[in-house]
Every structure is written in structure tokens, then in C-alpha cells.
Amino acid sequence: MRTRVLITTLTLSLALVSVAPAAVQPPPKATGWKSTLTASVSGPPATIQITKASKVGVKPSANNVTFSLKLSGVTNTADDTAANTVMNTLQVDVQVLNTFQTLNFTFDLLNGKNVEKKFTMTNASLPTAPAAGAAVEVLGARVIQGGTGRTFGVSGITLK
């Protein structure tokens with residue numbers, strides 16, 4: 001009987017130790033985020049479209065975050081000519097320390113490609129002004145046509 005009580009006590013002790021919460025660890029080091037851009041499937045259609053592989057990315061550096069955009073093959077839907085538009089917007093949705101924010105960056109298109117390719121901001125400009133080592137959750141990105149406000153590309157994939 002004494003052996004049975006000892007085994008039961010030992011088993012219960014191990015079970016309690018194994019479910020004890022561990023100390024909170026810092027997030028794993030994430031050195032960047034990238035996504036391809038595809039056509040938007042919501043809202044009214046834009047008058048321009050992405051026809052070639054395009055991408056958006058986010059990369060941290062010392063006290064800064066750089067957002068990058070590479071668009072190519074952006075054409076007018078009416079006649080399939082290379083798009084030349086100004087005041088387009090790259091929007092990136094982020095969440096930092098449970099605070100959501102949409103970041104906006106303006107760019108122009110010339111001959112179907114974006115002129116401005118990189119947009120850098122300080123860590124302090126992000127929601128809650130996080131310190132180095134904080135995790136930034138990138139929820140998605142979209143490109144919006146200047147003048148119309150219509151989305152012509154979103155982060156995502158195209159099914160095969």
C-alpha cells in the first residue's frame with residue numbers, strides 16, 4: 001500500500017511540474033517578411049492591373065524598418081498599355097503589442113513600374129513605439145490606385 005501511495009504521489013508531482021507555465025521567452029528572431037502581389041478580389045475594379053510578378057517586403061535594421069515594393073507590368077485595363085499614374089498608395093497592416101495600424105506610403109508609376117521602391121521609418125514611428133526586439137505582426141498589404149482609391153493588388157497567391 002505504501003508503494004502505491006508513493007507512486008501515485010510521484011506521478012501527481014511529475015504531472016504538476018510538467019504543466020507549470022514556462023517563463024515567457026523573447027520572440028524568435030524574424031529577419032524579414034515578403035509576399036507576392038496578386039489581383040484584388042473585393043471592391044470595385046481599378047482601371048490598372050498587375051500583369052507580371054510583383055512583391056512587397058518588410059525588413060528591420062538598427063532602429064528602422066524598411067518597406068519595399070517592386071511592381072512591374074502594371075497596365076491600363078482599357079488598352080493594356082503601361083500605366084503612368086501618380087499618388088498611388090502602398091498600405092501595410094501591422095500589429096505591435098496588440099495595437100493595429102495601417103501604414104501608408106505614396107508612390108508613382110512610370111512605364112508600368114513603381115518609381116519609389118523603398119520606404120524607411122523609425123521603430124518609434126510604429127504603433128506603441130516598440131523597443132528593439134519587439135515582434136511586429138505583418139497582417140497584409142495592398143496597392144491602391146491614385147485618384148480612384150481602388151485596390152489593384154493585394155498580398156496573396158494565385159491558385160494553380
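The values are calculated or read from the model by the stated rules, or taken from the named source; none is laboratory data. Quick caveat: nothing in here was measured; it's all calculated off a predicted structure. Backbone-built Cβ (ideal geometry, glycine too); neighbour counts: all protein chains shown.
Miscellaneous remarks
- Where Ala23 falls short, out of the listed (1) at pLDDT 95 or above; (2) over 13 Å from Thr151 (Cβ atoms): (1)
- Some residue of the range 62-74 being loosely packed, with under 12 Cβ neighbours inside 10 Å, touching a strand residue (DSSP E or B) at 6+ places or on another chain (Cβ under 8 Å) and farther than 16 Å from Leu109 by Cβ: yes
- Pairs are defined by a Cβ separation below 8 Å, a sequence spacing of at least 6 or placement on different chains, a first member in the range 21-47 that is more than 12 Å from Gly153 (Cβ to Cβ), and a second member that is among the small types (Gly, Ala, Ser) and assigned to a strand (DSSP E or B); the pairs so defined are Gly32/Gly57; Trp33/Gly57; Lys34/Gly57.
- Strands (runs of 3 or more DSSP E) completely within the range 76-160 that count 2 or more residues being surrounded by 17 or more Cβ atoms within 10 Å (Cβ to Cβ): 85-96, 99-110, 136-144, 151-155
- Matching residues, the range 79-101, being over 15 Å from Thr148 (Cα atoms) and of a type in the set (A, V, I, L, M, F, W, C): Ala82, Val92, Val94, Val96, Leu97, Phe100
- Scanning the range 98-126 for residues that are within 14 Å of the chain's Cα centre (by Cα) and without any contact (Cβ under 8 Å) to a residue 24 or more places away in the chain turns up Thr102, Asn104.
- Listed by first and then second residue, the pairs linking a residue in the range 127-153 that is closer than 29 Å to Gln49 by Cβ to a residue that is basic (Lys, Arg) and outside any strand (DSSP E or B), with Cβ atoms under 8 Å apart and 6 or more places separating them unless they lie on different chains, are Ile144/Arg150.
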